[in-house]
Amino acid sequence: MAARSLMDRSADITMTNTSRASRTDGLTAIVITDEEHGMAPATAVQTGSWDFDRALAAVRRMETVKIVATELDGHRPGPRRYLPWEAWFTAIALAVMHSRGQAHMTGALAVINGLTPTQRWQLGLRGLDITYAHVESGLETIIKACRPSVNVKTGQVRPPRLTLTEHDIANSLIRATHPPGMVLSDTIAMDSTDFETDAARRSRASLNVLGLAGEAIAGDSDKETPTEVVDGKVMRRSRHRTRGAQVRAFPYVGADKRLVHSLDEDARDGYRSGKQMKGKDTFLGYDLHIATSTPVKGSDARAALAYGIEVAPAGSSKARAGLNLIERLNRTFEEDGHRIAAVCVDRGYSMAKHENWALQLSKQGIVQHHDLGEKETRLAPADKPGIIFLDGHPYIANMPKRLKELRRPGLGATKEEKAAAARDYDERRAYAFSANGPAKLSPRDENGEGKATDGDQRYRGPVLTGKVRCPNHPRSMRWAEHKPLTNCDAGTKCACGATITVKAADPRAKHRQPELFGTSRWHEAYGARNMSESFNASVKKHHMSLQRHSARVFGLAKNTIMLGFIVAATNIAVLRTCYNHDDGKPEQLPPAGTPVEPQPAGELTVFNDDQPPRAGPQPSSEPPLEPKTNRTRPTRS
């Protein structure tokens with residue numbers, strides 16, 4: 001018997017073989033069984049019209065969907081794709097929204113099975129019997145199209161069929177959730193969070209245990225499990241038979257010279273700090289780097305929204321991943337006439353080697369706001385006498401000694417102690433050199449390279465900016481007495497009126513910041529980094545529940561796209577609850593071009609954690625089930 005679509009079979013299904021199962025996410029899963037025809041049970045998750053409109057509006061704003069459809073199917077001979085790309089992206093997005101952050105292919109199929117006739121018609125699925133293979137093949141097709149291919153017979157290497165990468169697709173999903181009137185801030189907050197792979201860990205040995213043996217071990221299944229003896233302890237390595245009839249011994253050395261501990265060949269060991277009553281430990285998976293919005297200067301605080309993501313194997317360089325993310329965002333921002341001017345980061349980025357992080361930012365004209373570690377060098381001499389570097393900034397040496405030895409209070413400090421420390425840093429600010437305009441930045445050539453002087457910063461002494469009085473500058477001695485007097489001796493050469501240039505490549509410029517470290521202004525600027533922590537909480541707890549098994553796929557490319565859907569769904573939820581912006585209710589949206597502002601605190605939509613917002617049927621005025629005769633129906637694909 002030929003397979004029939006769910007809608008065609010629905011007439012044969014009676015209430016006796018239809019059951020409803022309550023779900024923890026507040027939805028209703030309708031489990032339909034067709035006992036008469038002996039078919040396997042099918043699960044359908046109903047989608048309300050508002051949720052459907054939210055997902056469809058975001059997908060239709062994606063330029064990526066049009067590019068994928070054109071480049072993969074535009075010149076494709078034969079019949080069109082059975083599951084259209086717009087329907088595929090919409091189904092995955094709805095599955096994530098329904099399950100609070102679980103990007104599963106089975107969830108997407110359940111969404112398709114539960115669509116109403118009108119919703120199926122809108123996606124071009126009327127009369128089609130979609131199976132799991134159709135949903136899964138969509139992701140496989142995209143990943144293969146992003147990679148070069150090799151002709152087995154001729155050995156010719158063909159370029160990728162898609163001009164996009166997996167990160168382009170993921171970030172396009174996130175950008176599509178931004179309302180047209182949203183004002184982009186030129187300052188972003190960036191942080192990384194852990195995401196465990198779905199693959200099971202099969203070993204815990206380290207490189208010194210493994211040695212140089214990392215190749216696949218061929219043989220039958222009776223081969224003994226390899227072991228190594230280190231310091232009198234036996235370290236056992238597991239084995240696993242692959243589809244190619246090989247016995248893979250774990251761990252083995254991957255292409256990046258790091259150990260592979262699972263069937264997910266891109267997942268690596270990483271470290272995560274203790275949070276929520278959990279101690280610090282290692283995990284196997286990926287680092288998810290998220291760039292979020294920050295409040296525009298002079299505006300009220302607002303909930304964080306994601307601008308973009310970068311996914312990298314856990315334990316890899318945060319500096320490299322952060323720079324890649326900034327580069328992707330700048331390409332997007334430049335389309336709207338913006339460019340990133342500053343980043344707020346934690347010490348995971350700022351403590352990287354100077355040439356790997358701070359120098360690269362300086363050469364792009366980007367400043368950073370960051371904290372300093374206790375073990376980092378705070379005091380360093382300058383090339384000119386009378387000048388010292390404190391916390392990455394040049395100061396005159398003739399200042400009170402107590403101001404040279406300032407330290408920020410620890411985690412257990414009271415509010416009063418923190419305020420007192422900030423006042424001391426504010427007092428020291430008077431002895432600092434002031435930037436003479438922005439850092440040097442030259443136009444890029446055709447290769448995207450600038451000049452060697454890019455990032456060099458010119459500074460003027462505190463007397464030249466009228467901040468201190470100095471005996472060697474009689475004019476300054478006529479200024480008001482509230483301005484501090486330096487410790488300079490009259491007639492002795494000092495640097496109070498000097499002008500200096502600090503090269504971008506100078507290691508002492510590693511911790512250079514626009515606002516002096518520890519001051520009240522620095523606290524205000526660096527405080528924007530909390531936006532990234534806020535969004536991490538949204539994607540892991542408040543709006544979504546990102547955790548292990550949220551994406552049941554292997555490989556960096558597949559996980560990147562799935563994480564893009566999860567972060568995009570978080571944006572949609574934040575916009576709806578904190579900004580009163582809902583694409584599912586277009587009649588309530590402001591006119592195009594209206595700035596999107598956060599709701600007042602008293603008008604926030606609050607959901608009970610025990611009862612998340614339902615995505616089931618909602619009252620709406622949908623179009624008729626059958627289109628009018630004078631309306632062009634979508635072509636069956």
**Q.** Positions within the stretch 107-149 being more than 24 Å from ASN559 (Cβ to Cβ) and out of contact with any helix residue (DSSP H, G or I) (no Cβ under 9 Å at 6 or more places or on another chain), in sequence order
**A.** TRP121
Q. For residues in the stretch 408-425 being touching a residue at least 12 places away in the same chain (Cβ under 8 Å) and part of a loop (DSSP other than H, G, I, E, B), which is most open to solvent (accessible area, probe 1.4 Å)?
A. ARG408
Q: Could you check LYS541 against (1) without any contact (Cβ under 8 Å) to a residue 60 or more places away in the chain; (2) in contact with a helix residue (DSSP H, G or I) (Cβ under 7 Å, 6 or more places away or on another chain); (3) among the basic types (Lys, Arg) and say which number it fails?
A: (2)
Q | Only one of GLY279, GLY315 that is open to solvent by 40 Å² or more (accessible area, probe 1.4 Å), closer than 22 Å to ARG202 by Cα and not in a strand (DSSP E or B) | A | GLY315
Q. Among the residues of the stretch 114-124, is there at least one that is touching a residue at least 12 places away in the same chain (Cβ under 8 Å), under 21 Å from THR177 (Cβ atoms), part of a helix (DSSP H, G or I) and aromatic (Phe, Trp, Tyr)?
A. no
Q) Within the stretch 561-595, can you find the residues that are at pLDDT below 90, open to solvent by less than 20 Å² (accessible area, probe 1.4 Å) and outside any loop (DSSP other than H, G, I, E, B)? A) THR577
Q.
Out of the residues in the stretch 282-307 meeting the condition of being among the polar types (S, T, N, Q) and part of a strand (DSSP E or B), tell me which one is most open to solvent (accessible area, probe 1.4 Å).
A. THR282
Q) LYS483 passes all but one of (1) farther than 28 Å from ALA342 by Cα; (2) open to solvent by 70 Å² or more (accessible area, probe 1.4 Å); (3) among the charged types (D, E, K, R); which number fails? A) (2)
(Q) Of the conditions (1) open to solvent by 10 Å² or more (accessible area, probe 1.4 Å); (2) of a type outside the set (A, V, I, L, M); (3) closer than 23 Å to HIS370 by Cα, GLY518 satisfies every one except a single condition; which number is it? (A) (1)
**Q.** Members of the stretch 524-551 that are surrounded by fewer than 16 Cβ atoms within 10 Å (Cβ to Cβ) and closer than 30 Å to VAL260 by Cα
**A.** GLU533, ALA537, LYS541, GLN547, ARG548, HIS549
**Q.** Residue count, the stretch 318-355 (criterion: acidic (Asp, Glu) and either part of a helix (DSSP H, G or I) or surrounded by 21 or more Cβ atoms within 10 Å (Cβ to Cβ) (or both))
**A.** 4
Q: Considering only residues that are outside any helix (DSSP H, G or I) and in contact with a Leu (Cβ under 9 Å, 6 or more places away or on another chain), look in the stretch 53-99 and name the one that is most open to solvent (accessible area, probe 1.4 Å).
A: TYR82
Q. Any residue in the stretch 356-378 that is within 29 Å of GLU265 (Cα to Cα) and assigned to a loop (DSSP other than H, G, I, E, B)?
A. yes
(Q) Please go through (1) modelled with pLDDT under 90; (2) open to solvent by less than 70 Å² (accessible area, probe 1.4 Å) for HIS369 and return the number of the only condition it doesn't satisfy. (A) (1)
Q | Top-ranked residue of the stretch 433-468 - restricted to ones that are under 30 Å from the mean Cα position of the chain (by Cα) and without any contact (Cβ under 8 Å) to a residue 12 or more places away in the chain, ranked as most open to solvent (accessible area, probe 1.4 Å) | A | GLU446
Q: Would you be able to tell me the number of residues in the stretch 131-152 that are in a loop (DSSP other than H, G, I, E, B) and open to solvent by less than 10 Å² (accessible area, probe 1.4 Å)?
A: 0
Q: Could you tell me whether ALA498 is of a type in the set (A, V, I, L, M, F, W, C) and open to solvent by less than 30 Å² (accessible area, probe 1.4 Å)?
A: yes
Q. Does the stretch 153-199 hold any residues that are at pLDDT below 90, surrounded by 16 or more Cβ atoms within 10 Å (Cβ to Cβ) and among the small types (Gly, Ala, Ser), and which are they?
A. SER185
Q) From the list ALA490, ALA509, which one is under 48 Å from the mean Cα position of the chain (by Cα), among the small types (Gly, Ala, Ser) and either under 21 Å from LEU390 (Cα atoms) or surrounded by fewer than 12 Cβ atoms within 10 Å (Cβ to Cβ) (or both)? A) ALA509
Q: Filter the stretch 323-359 down to residues that are charged (D, E, K, R) and under 13 Å from SER185 (Cα atoms) and give me whichever is modelled with the highest pLDDT.
A: ARG339
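The values are calculated or read from the model by the stated rules, or taken from the named source; none is laboratory data. Because the structure is predicted, anything quoted here is derived from the model rather than measured. Here the Cβ is made from the backbone with ideal geometry for all residues, glycine too, and neighbour counts use every protein chain on show. Just the protein is used for accessible areas: all its heavy atoms, side chains included, with ligands, DNA and RNA removed. Shrake-Rupley method; radii C 1.70, N 1.55, O 1.52, S 1.80 Å.
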